[in-house]
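Bear in mind that the values in this text are calculations on the coordinates, not laboratory data. Everything quoted here is computed from the prediction, not taken from an experiment. Cβ placement follows ideal geometry from the backbone for every residue including glycine, while neighbour counts extend to all protein chains displayed.
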Amino acid sequence: MSEFTQPQETVTLTIDGREVTVPPGTTILQAAESTGNRIPHYCYHPGLSAPAQCRLCLVEVEGAPKLQPSCVTQVRDGQVVHTASEKAKGMRQGVLEFYLANHPLDCPICDQSGECKLQDYVHEEGRKHGRSREPKRVFGRDDFGGDVLFYGDRCVMCTRCVRFMNEVAQDPRLTVVERGNRSVIDTFFEDGVDGSPYAGNIVDICPVGALVSKDFLHKARAWDLDHTPSICPNCSQGCNIDLHVRDNRVQRLKPRANPEVNGHWMCDYGRHRFEWMNRDDRLTRPLVREAGEARPAEWGAALSELLERLEEARPIRAVASPFASTEELAALRRVVDALGGGEILFRSPEADEEIPLPGFPQLARRRDLSPNRRTAELLGMERVGDAQGRGGLESLADYTGTLIVLGDALADMDADFGRQAALYLYLGSHPSAAAGQADVVLPIPTFAEQEGTFINGEGRVQRFWPGLIGPEQARPAWMPLGVVLSRLGVGNLPGSAGEAFLAATEVLPELQGLRHETIGTRGAILNEPVLLAGS
Amino acid sequence: MAYPYTHEKEVRVLSRGWGDPRTRTLEGWKAMGGYTALPKALEMGRAQVIDEVKASGLRGRGGAGFPTGIKWSFMPGEKKGAHYLCCNADESEPGTFKDRELLRWTPHQLIEGCLIGAYAIQADHVFIYCRGEFFEATQVLSRAVEEAYEAGYAGKNILGSGHDIDITVFAGAGAYICGEETALMNSIEGRRGLPRVKPPFPAAVGLFGKPTTINNVETLSSIPHIVNNGGSWYRQWGTEKSPGTKLFCVSGHVRRPGNYELPLGFPLEELIYDVCGGFREGRSLKAVIPGGSSVPIMSATDCEGCTLDYEGVVEKGSMLGCASVIIMDDSTNIVKQVRRMVDFYAHESCGQCTPCREGTQWLSRILVRIENGRGTEEDLETLLELGNQMTGTTICVLSDSAAAPVASSIQKFRDDYLALIRRGEKVGAA
């Protein structure tokens, strides 16, 4: 064996009669989880240290005199583990009964109900009737500052929140005060966790309803929420998230675990910027300007009008948005190129500084506050304007060629914008005064309403899926732009976002070899175009 | 004569200097033959010291009774970084008051034992963790440590041997749980006094992450005598498996409670009726807790023929623990007594592990109800089952300790419980 090929060491053990082979150093809990055998636990969290104090994950290990905490017990070759033996189950039942001895059982008014680990475990394995006849301990409610509300009576003292603040946020503002049965999570500071930029995560990791979000409080029951995998659009980190949607409204954003990007976490800045996805003032139909007035039109009519007027050869310039999907931006690039080529500008907001997460250094709220600036840059688009995403378009206000605007709301432009343009096409989601002079206005869905990809700051292509139903007539921009391209004889009309992604490879060689299907929910790193060119 | 009281059956090895204020000073202690073991140990070499302690059969006096020499040999032989020795002087077990006396009367005996122990395990630093409430003892000990430094027994290059051993007297803040060895280490490190998960064991990852041994005050105080006189000398007392002398802290309904140093294997009845003078007029034995409140209660029948060594007490269904003998006569309300102990554990639980945090309080509340005549017979089954769920399921043994007296008292004094429950029924009916 050469010194370069080290043997891959493994450990084989038996869990509930099933052989499992894992690397050495794995814990029993992780090994069981790798086979889909989920051992109940509270204090263990994959992103935090394991204090082994909840005592719920105790399992029977043959040869060990006592039940072993599976979250810290490492696997050994030939180990025989029983997670569902009478002894292990009996002990879990006992521990769950201890939890309920002081739990208020206020599930009907608890926000966590439906996604509560205490509820789940007790339903699965708990006793039918609790035996406690004693009065319950009462801590009441406490405002932890920021978005966090604490219901002490529901707390199971797993200390995940304390450990998150100590180990990951490294902003130790929470602690356990008192001891024994009087232990309670509390904060030393008047402001609690207010202003700690990642504090919202303690609500996510709380296994019960002890820490809840003020913003989400009593908004929706967990079982009424649809979860859609998505990407946080609020900076170029591209945290993987789930959109939690009820009644076609995003109710909250939750981080979705991706060890490469955001671990289990997301920042509060991103977490709380979703209300715009629920805006009701939308562009709902294509508009065509006739006799100086924008009139609703059918898609067919609007596209005919557009194609008719595009055929004249003339200079072209465009404005894009780094909030649009890669598929949309690439389609715009191709249209502009097919019409003779021209400058594409974009504006994007920028923060003064990054907000790092010390305990998980890959993650920071980036300075770049848009999700897809990387794509715009790869497509040779030019960033203009200031850090607020304003200005820089003055030269376009009186432009006389073909003008296409994709996604930018043009909030700082006045109603005369584009008046001089020979053809002004506006593709957007929301009404804009500066679209008033557009010859054709096409409604497009927001990222939350369509399928697509963003490329984050480190060059990772990540997919998002539609969580909301957009206006009936809205179509992703790659669709009408695809119609234009096929009419110009450049490529076929893509039938899906996946096809639009493949078409984007034309102008984004970095995407070569990638497909929506292979990107999956974890994302994929861009290819090095240089290497491809050389091969 | 001596220390307030004594008895002719006592074998005063550790407690020899008690009651004599001179033993608190370096000079006084040297006059009694002190500080002869340390130079001898340095001459013997550490392997020999450990062998001698192994040969003596000395067992840890903190309660677990683990052989000290073997514990020391768990420390890494090859020293890679700092090693620490912690002396556990956080004596808080209800019924125990031997370490306090060792600290306040014979501090140099302990210091000498600590230095020898540190030398044996290659520790650079000894932390003596004193119970927060031991104000006087901590002062006496601190003064003695200063003297030891001045005389060159502690500090740099002790007695010209080339070894550096520092001693720090550390006062706890008054939590029972800090007497648990890993919580003690957390406390010294400035953290909350929470027991740590084992493994890793302290001999591998201990204080400040370094190999550490934790020994009880009485254990370390025995070391100079063993080094001076040899292991076989120590074995002249006690039994084959439990050699040596032991300080028995006797409290409760006897005429002469107190600390008595007796050979291990001493008959319990002789301790009660002879050494401690028996009961008040007209009273008789009801129950004994032989090893501090954490061990199962023994009934009068269990006490018959019981010998006070580690094995002898186990044979009778309890444990010797730290030999804190609590004796109760027939005037005792066992339920109240047990409730009082469970309350203590509920108050002192660190609150990490669920079975302990919730269980101790729950047990206490049920016991209060029974005590007040509002219990039912099902409560007894619940108590037993909760106790079972609290045993062997937590990081440390505080939870087991709270459950032990409950389970054993229900088993042995069920009638006492039933009497209270039935009295309640009558009250309810009337």
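Can you give the FRET efficiency to the nearest 0.05 for residue B:385 and residue B:347, using r as the Cβ-Cβ distance and R₀ = 22 Å? Don't skip to the answer; put the middle values down first.
Numbers: r = 23 Å, r/R0 = 1.04.
The value I calculate is 0.45.
With coordinates expressed along the principal axes, the C-alpha atoms belonging to segment A:369-472 extend over 39, 32, 22 Å, beginning with the largest.
Over chain B, what is the relative contact order in percent, taking alpha-carbon pairs closer than 8 angstrom and at least six residues apart? Spell out each step's value before the answer.
Details: 884 pairs, mean separation 67.8, N = 430.
Reported as a whole number, the value is 16 percent.
Annotation: extensible slack from residue B:330 through residue B:255 equals 25.5 nm (criterion: 0.36 nm per residue apart, minus Cα-Cα distance). When each of A:478, B:29, A:299, B:237 is scored by the number of other beta-carbon atoms lying within 10 Å, the sequence from fewest to most is A:299, B:237, B:29, A:478.
Which value, in debye to the nearest 20, describes the size of the charge dipole of segment B:334-429 about its Cα centre when Lys and Arg Cβ atoms bear +1, Asp and Glu Cβ atoms bear -1, and nothing else is charged?
Numbers: 12 positive and 13 negative charges, 70 e Å.
Here the size comes out at about 340 debye.
Expressed in nm to one decimal, what extension gain is obtained for the pair residue A:362 and residue A:394 from 0.36 nm per residue of sequence separation less their Cα-Cα distance? Write out the running numbers ahead of the final one.
Numbers: separation 32, 0.36 × 32 = 11.52 nm, distance 3.79 nm.
Gain on stretching residue A:362 to residue A:394: 7.7 nm.
Residue B:240 label point, 7 Å along Cα→Cβ, cut-off 16 Å on backbone N: hits in segment B:288-323? Counting only backbone N, you get B:309-312. For segment A:287-534, taking Cα atoms only, Rg and Dmax work out to 17.8, 61 Å respectively.
Grouping the Cα pair distances of segment B:48-110 into 5 Å bins from zero gives a pair-distance distribution of 4, 14, 18, 22, 22, 14, 5, 2, 0 percent in increasing distance order. The radius of gyration of the Cα set in segment A:258-369, together with its Dmax, comes out at 20.1, 61 angstrom.
Can you tell me the order of B:333-343, A:52-62 when each peptide is scored by its average per-residue count of other Cβ atoms within 10 angstrom, highest first?
Details: B:333-343: 21.5, A:52-62: 24.5.
Order by mean packing, descending: A:52-62, B:333-343.
In segment A:169-248, the C-alpha radius of gyration followed by the widest Cα-Cα span (Dmax) gives 15.7, 45 angstrom. About its Cα centre, the protein assembly as shown has a charge dipole of approximately 2440 debye under the convention of +1 per Lys or Arg Cβ and -1 per Asp or Glu Cβ, with nothing else charged. In terms of overall dimensions, the C-alpha atoms belonging to chain A reach 85, 64, 39 Å along their principal axes, ordered largest to smallest.
For a straight C-alpha distance cut-off of 22 angstrom, the lysines reachable from residue B:9 (same-chain residues fewer than eight places away being disregarded) are B:98, B:241, B:246. Once divided by 2.2 N^0.38 Å, the Cα radius of gyration of segment B:334-429 becomes 1.04.
With a cut-off of 17 Å on the backbone N, the residues of segment A:409-443 near the modelled label site 7 Å out from residue A:280 along Cα-Cβ are A:430-431.
Segment B:95-164 to segment A:194-234: how many Å between their Cα centroids? With segment B:95-164 and segment A:194-234 each reduced to a Cα centre, they are spaced 54 Å.
When the convex hull of the Cα atoms of the protein assembly as shown is projected onto a plane and the area is averaged over all directions, what value comes out in nm²? Computing the convex hull of the Cα atoms and averaging its projections yields 51.0 nm². Taken along the Cα-to-beta-carbon direction at a fixed 7 Å, the label points for residue A:170 and residue A:351 span 1.7 nm. If the cut-off is a Cα-Cα distance under 12 Å, which aspartates and glutamates reach residue A:136, setting aside same-chain residues fewer than 8 apart in sequence? In chain and number order, the partners are A:153, B:358. Taking label positions 7 Å along the Cα-Cβ direction at both residue B:135 and residue B:280, the computed distance is 3.1 nm, reported to one decimal. Legend: translational diffusion of chain B by Stokes-Einstein, Rh = Kirkwood radius over C-alpha pairs, 10 °C, 1.306 mPa s; D = 71 µm²/s.
Given R0 = 35 Å, the distance between the Cβ atoms of residue A:66 and residue A:257 translates into a calculated FRET efficiency of 0.65. Would you compute the Debye intensity of segment A:11-84 from its alpha-carbon atoms alone, equal scatterers and no solvent, and pass along log10 I(q)/I(0) at q = 0.21, 0.23 Å⁻¹ to two decimals? Normalising to I(0) and taking log10 leaves -0.84, -1.01.
Rounded, prolate or oblate: pick one for segment A:124-257, where a ≥ b ≥ c are the square roots of the eigenvalues of its C-alpha gyration tensor, a/c under 1.5 means rounded, and failing that, prolate if a/b is larger than b/c, else oblate. Could the numbers behind the result be given before it?
Values: a/c = 2.11, a/b = 1.30, b/c = 1.63.
Verdict is oblate for segment A:124-257.
Would you tell me the mean number of C-beta atoms belonging to other protein chains that fall within 10 Å of each C-beta in A:126-133, as a whole number? Please report the intermediate quantities before stating the final value.
Numbers: counts 0, 0, 0, 0, 0, 8, 6, 8.
Partner-chain Cβ atoms within 10 Å, mean over residues of A:126-133: 3.
Note: relative contact order over chain A, using C-alpha pairs below 8 Å and six or more positions apart, is 11 percent.
Among the listed pairs A:66/B:286; A:87/B:71; A:89/B:198; B:210/B:316; A:66/A:254, which have their C-alpha atoms separated by more than 29 angstrom in this model? Numbers along the way, then the final one.
Values: A:66/B:286 33 Å; A:87/B:71 32 Å; A:89/B:198 23 Å; B:210/B:316 39 Å; A:66/A:254 38 Å.
The pairs that break the limit, which is 29 Å between Cα atoms, are A:66/B:286; A:87/B:71; B:210/B:316; A:66/A:254.
Name the residue from A:135, A:196, A:114 whose Cα lies farthest towards the positive end of the charge dipole of segment A:101-221, charges +1 on Cβ of Lys and Arg and -1 on Cβ of Asp and Glu. Farthest towards the positive end: A:135. For the Cα trace of segment B:245-329, dividing Rg by the Kirkwood Rh returns an Rg/Rh value of 0.91.
Here, segment A:39-143 is characterised by an Rg to Rh ratio of 1.01, where Rg is the alpha-carbon radius of gyration and Rh the Kirkwood radius.
Per residue, the convex hull spanned by the Cα atoms of segment A:141-203 amounts to 78 cubic angstrom.
Full extension from residue B:27 to residue B:5: what is 0.36 nm times the residue separation minus their Cα-Cα distance, to one decimal in nm? Each step should come with its number before you reach the end.
Values: separation 22, 0.36 × 22 = 7.92 nm, distance 2.50 nm.
In short, 5.4 nm is gained.
Sketch the reach of a paramagnetic label on residue B:372 as a point 7 Å from Cα along Cα-to-Cβ, and name the residues of segment B:386-428 whose backbone nitrogen lies under 18 Å away. Hits in segment B:386-428 for residue B:372 at 18 Å: B:420-428.
Each principal axis of the Cα atoms in segment B:1-101 has its own extent, and those three values, largest first, are 48, 35, 26 angstrom.
As a footprinting exposure proxy, order B:201, B:413, A:454, B:248 by other Cβ within 10 Å, with the fewest listed first. Kindly include the intermediate steps, with their values, before the conclusion.
On the way: B:201 14, B:413 21, A:454 29, B:248 26.
In increasing order of surrounding Cβ atoms, one gets B:201, B:413, B:248, A:454.
Beta bridges per DSSP, both residues in segment A:287-534: antiparallel share near 45 percent. Using the Cβ-Cβ distance between residue A:120 and residue A:430 with R0 = 60 Å, the FRET efficiency computed as 1/(1 + (r/R0)^6) comes to roughly 0.90. Taking all Cα-Cα distances within segment B:21-234, those exceeding 31 Å account for 11%.
Mind sorting A:187, A:12, B:106 by how few other Cβ atoms lie within 10 Å of their own Cβ, fewest first?
Numbers: A:187 22, A:12 14, B:106 28.
In increasing order of surrounding Cβ atoms, one gets A:12, A:187, B:106.
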